[in-house]
Amino acid sequence: MKKIFVLLAVFSAMSLSAVAQGNEPIKNPMLWADVPDPDVIRVGDSFYLVSTTMHLMPGAPIMRSKDLKNWETIGYVYPRLTDSPKYDMQEGTVYGRGQWATSLKYHNGKFYVLFAPNETSAMGDTYIYSATDPAGEWTLVSRMRHFHDCSLFFDDDGRVYVVYGTGELMELKPDLSDVIEGTHQKIFEREADETGLLEGSRVIKHNGKYYLLMISHVYAPGKHRREVCYRADDIHGPYEKNVILQSEFGGFSYEAQGTIVDTQDGDWYGIIFQDRGGVGRVLTLMPCRWIDGWPMLGDEYGKVPDVMRPLKSGEPEKHIVNADDFSQPKLGLHWQWNHNPIDKAWSLSERPGFLRLKTNRVVNSLYLAPNTLTQRMEGPTCSGGIVMDLSHMKDGDCAGLAAFNSDTGALTVKKKGKKLVLEMSEQKVELSDRDKQVTKVEDKTIESVELKQSKIWLRVDADFHPTKGGRFMGGKDAANFYYSLDGKQWTKIGTPDYRMGFDWRRFFMGQKFAIFCYATKKAGGYVDVDEFFYERGEK
């Protein structure tokens, strides 16, 4: 196996340990990466988490942990979605659409997920999948009408419900094939000052009572984004309401949306996400204390804690973002493609130990390039790069590494006739509201250098530390770009501290490392990626 390239002296406090971590605390954010809309359950001694990944494929990642600290991706609910050519970046795209806010449940020996793409017409119909092994293959159970930010719920009497939108409920048929017509109910009315949606439904049953957790976007003096809970003795109501979390954290704004989960010992935890700018929406862990029958979140002051004691000691270190030398026969589960991949246009076997990316469709920008491979970035700092063989590129081909989002900083090697030119550029996409058509791409080259060899090292360093000043500081969200001709000496190129962002109207996602290769003139060229090297900074 090839030796993974190790960056030296990039960050002063990198965690290189891959051994058991003993009793080190869980530092918030629990996952400092883009893991929005979480649902978490426990089965036996394992916790399972599902998150939103929208236009990325495979989709609906399932993550597992034994200690609520070390998480790994163990599988995906589906390899691709095929309702529309937009999932293939044909006749539009699904940037910021696709799979949203998935509900995860375990019932009678099976795992179930329910999600509804944020789409109109049949593309937005709800999917229900099931699996006996969440790391194995999931089977499509049914499709039915759209349910926004929904929660699947199996009651003790065998009846099944979906709670969705702002306090709406419908009963499903026992086989989950469809809704039972005539069962729609509005189970509560929001308060007058809650002019925004209440969404992100998560339903649990505890000590015979029903609890519906939701995010409340409230616009009133002295009130902020918050997590609320509706409680009832009967699932049909009547419901009473309580605010269970209203807390800012770590120099960023107020948290909300997530769920609660118990341990084998009967302790409870809350897992709630927080918007953190360019890195995306991160997950925080906090105590859940049952007070007067309410699941109150946060420490004794109702605030998100900086650290939590570990649930158990001795678990091996695991991560959802990882280095890769591409020596395995299958692509690692830490990777996702931008939209549906073209399977015949990439390979791990044609040159063992390398990822081969082939051009297969002529496009005019990275935003329409098939087979762009992505991983999340992580805070507070991270550094990722690739080693790439350029010798089989054709005229007009573009290949490289990007800090990818609706606004992108990119390191692109371009084949111009017989020349190879490396460019650092700032790119920005405009999308139509309805079909997410790419209507315009701004591509501004900041710096370029001609290459005299066909092997190149490219690297992106990211810094998501909170900035100083103000009540809510926000993140630095800075990316810096480097190249090397020997893997030892690095040259900085292009925009210093390129500002990465988060835009809910376009991608609705945190920054991603993206490896790409596409043709602007003629298909048939390819690049071989030797490895993806990666380091994360200490929290």
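The values are calculated or read from the model by the stated rules, or taken from the named source; none is laboratory data. Remember, it's a predicted structure, so these values are computed and weren't measured experimentally. Reconstructed Cβ throughout: ideal geometry from the backbone, glycine too, with neighbour counts over all protein chains shown. Remember, those area values only see protein heavy atoms, side chains included, never the ligands or the DNA or RNA. Shrake-Rupley method; radii C 1.70, N 1.55, O 1.52, S 1.80 Å.
What is the dipole size for the chain, taken about its Cα centre, with +1 at each Lys and Arg Cβ and -1 at each Asp and Glu Cβ, in debye to the nearest 20?
Working: 67 positive and 73 negative charges, 386 e Å.
Taking the Cα centre of the chain as origin, the dipole is about 1860 debye.
Contact order normalised by length for the stretch 76-209, with contacts defined as Cα pairs under 8 Å and 6 or more residues apart; what percent is it?
Details: 257 pairs, mean separation 22.2, N = 134.
After rounding, I find 17 percent.
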Around LEU390, which amide H atoms from residues at least 5 apart in sequence, or from another chain, sit under 5 Å from its own amide H, with H modelled in the peptide plane? LYS455, ILE456
In Å², nearest 10: area of HIS392 left accessible to a 1.4 Å probe: 90 Å²
Are there any GluC sites (Glu not before Pro) in the stretch 189-230 that are in a DSSP loop and have at most 14 other Cβ atoms within 10 Å? List them by number. GLU189, GLU191
Given backbone amide H placed at 1.01 Å from N, residues whose amide H is under 5 Å from that of ILE244, ignoring those fewer than 5 places away on the same chain, are GLU227, VAL228, CYS229
Loop-only GluC sites (Glu not before Pro) in the stretch 233-310, please: DSSP not H, G, I, E or B, and at most 16 other Cβ atoms within 10 Å. GLU300
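At 1.4 Å probe size, put THR52, THR520 in order of accessible surface, largest to smallest. All intermediate terms of the calculation are to be shown ahead of the outcome.
Working: THR52 5, THR520 55 Å².
Largest accessible area first, the list is THR520, THR52.
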So who's got an amide H within less than 5 Å of the one on MET509, skipping anything under 5 residues away but keeping other chains? H placed 1.01 Å off N, in plane. ASP503
Between THR263 and HIS217, what is the spin-label point distance in nm, taking each point 7 Å from the Cα along the Cα→C-beta axis? 3.6 nm
Hz values of 3J(HN,Hα) by residue in the stretch 296-308 - Karplus curve (6.51, -1.76, 1.60), Gly and Pro given as x: 7, 9, x, 6, 5, 9, x, 10, 6, x, 5, 9, 10
Bin by bin, in steps of 10 Å, what percent of the Cα pairs in the chain do you find, going until the bin that has the longest distance? 4, 18, 29, 26, 15, 6, 1, 0
Could you give me the ³J(HN,Hα) list for the stretch 474-480, computed from phi with Karplus coefficients 6.51, -1.76, 1.60 and θ = phi - 60°, whole Hz, x at Gly and Pro? x, x, 5, 6, 9, 10, 10
Please compute the per residue accessible area over the chain with all protein chains in place, 1.4 Å probe, rounded to a whole number of Å². 39 Å²
Quote the relative contact order of the chain in percent (integer), defining contacts as alpha-carbon pairs under 8 Å separated by 6+ residues. 16 percent
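Please compute the contact order of the stretch 24-92 in relative form: average sequence separation of alpha-carbon pairs under 8 Å and at least six residues apart, divided by the residue count, as a percent. Mind dumping the intermediate values first?
Values: 95 pairs, mean separation 14.3, N = 69.
It rounds to 21 percent for the stretch 24-92.
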ASN242-ASP45 FRET efficiency (beta carbon distance; Förster radius 41 Å; 0.05 resolution): 0.85
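Once the Cβ-Cβ distance between SER448 and ASN322 is put in as r, and R0 is 35 Å, what FRET efficiency do you end up with, to the nearest 0.05? Please report the intermediate quantities before stating the final value.
Numbers: r = 31 Å, r/R0 = 0.90.
Between SER448 and ASN322 the formula returns 0.65.
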I'd like the Kirkwood hydrodynamic radius of the stretch 398-539, using the inverse of the mean 1/r over distinct C-alpha pairs, in Å. 16.6 Å
For the stretch 369-386, in order, what is each residue's ³J(HN,Hα) by Karplus, 6.51 cos²θ - 1.76 cosθ + 1.60 with θ = phi - 60°, in whole Hz (x at glycine and Pro)? 6, x, 6, 7, 9, 10, 9, 5, 8, 10, x, x, 9, 7, 9, x, x, 9
Carbon and sulfur: what percent of the chain's accessible surface (1.4 Å probe)? 48 percent
